[in-house]
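Engineer: A single structure is presented below for examination.
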Amino acid sequence: MDKTYLFISDIHLGLQSKEIEDKKERLLVKFLQFAKNNCDELFIVGDLFDYWFEYKRVYQKGFFRTLTALQDLTENGIKVHYFIGNHDFFHKDFFEKEIGVILYSEAKQFILNGKKFFIGHGDGLVKNDLGYNILKKILRNRFIQFLYGLLHPDLGVGLARFTSKSSRDYTTKKDYGEEDGLFDAAKKKIDEGNEYVIFGHLHKKYFEKYKNGNYINLGSWIDSPCYGEFINNFEIKELK
């Protein structure tokens, strides 16, 4: 029997005002409760949080309902895959050890119901994004992260929030084009034999056919919350 797979991306918890964030998190928790009863595996394709900085013995305040809802999923046998994005990349072991979520720092290929999927957040895969790729190497350097971790959590999380806004502004204003943007990266993966390529990152929904494959971008929850579902065919469904 075929399994049911659900996909979400770019929720950016912590981005907006408290009122908006409370509404968004309640919608996310409602979706996670739906996922518990309606899927076998959930893929979070990056930027669940607008910023995430996890110290060795401290993780940032907030999002308690989301964390417990995710743990409820894993405790009920739902496999949760979490691709780290360009905003929520500084994870240690809290999600894996305490919640049971599987973390990925890079895109990865999967076989889902007999179909080849290539899944990742999408950051670092755009060939005309040299500036970001340099910044990514710096920010994900273990020594740089160690030095950053010496900051007091209030200062460290505050700085993470500021840099996250700068990164989001850059991504939003960047004109990636079609041929040398993520669609171009997706075409290469389809040429390698993948039937579905799923990214986030750009905050724009796409469902493009290319040869024998499909490029899907899941968009963002900032403007239009949605999720992807795959059983035999892939669908993008809106959330209200």
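No value in this document is a laboratory result; all are computed from the given coordinates. What you see is a predicted model, and the numbers here were worked out from it, not measured in a lab.
Engineer: For the range 181-240, calculate the relative contact order in percent as a whole number, restricting contacts to Cα pairs under 8 Å that are 6 or more residues apart. Each step should come with its number before you reach the end.
Structural biologist: Working: 91 pairs, mean separation 14.2, N = 60.
Reported as a whole number, the value is 24 percent.
Engineer: Taking θ = phi - 60°, what integer Hz values does the Karplus form 6.51 cos²θ - 1.76 cosθ + 1.60 yield along the range 98-108, in sequence order, with x for Gly and Pro?
Structural biologist: Once rounded to whole Hz, the list reads 8, 10, x, 7, 8, 9, 10, 9, 9, 5, 8.
Engineer: In nm, what is the difference between 0.36 nm times the number of residues separating LEU103 and PHE207 and their Cα-Cα distance?
Structural biologist: Additional length available on full extension: 34.9 nm.
Engineer: I would also like to ask the following. Can you tell me the length gained on complete extension of the stretch LYS188 to LEU239, counting 0.36 nm per residue apart and subtracting the Cα distance? Can you show the working numbers first?
Structural biologist: Working: separation 51, 0.36 × 51 = 18.36 nm, distance 3.10 nm.
Gain on stretching LYS188 to LEU239: 15.3 nm.
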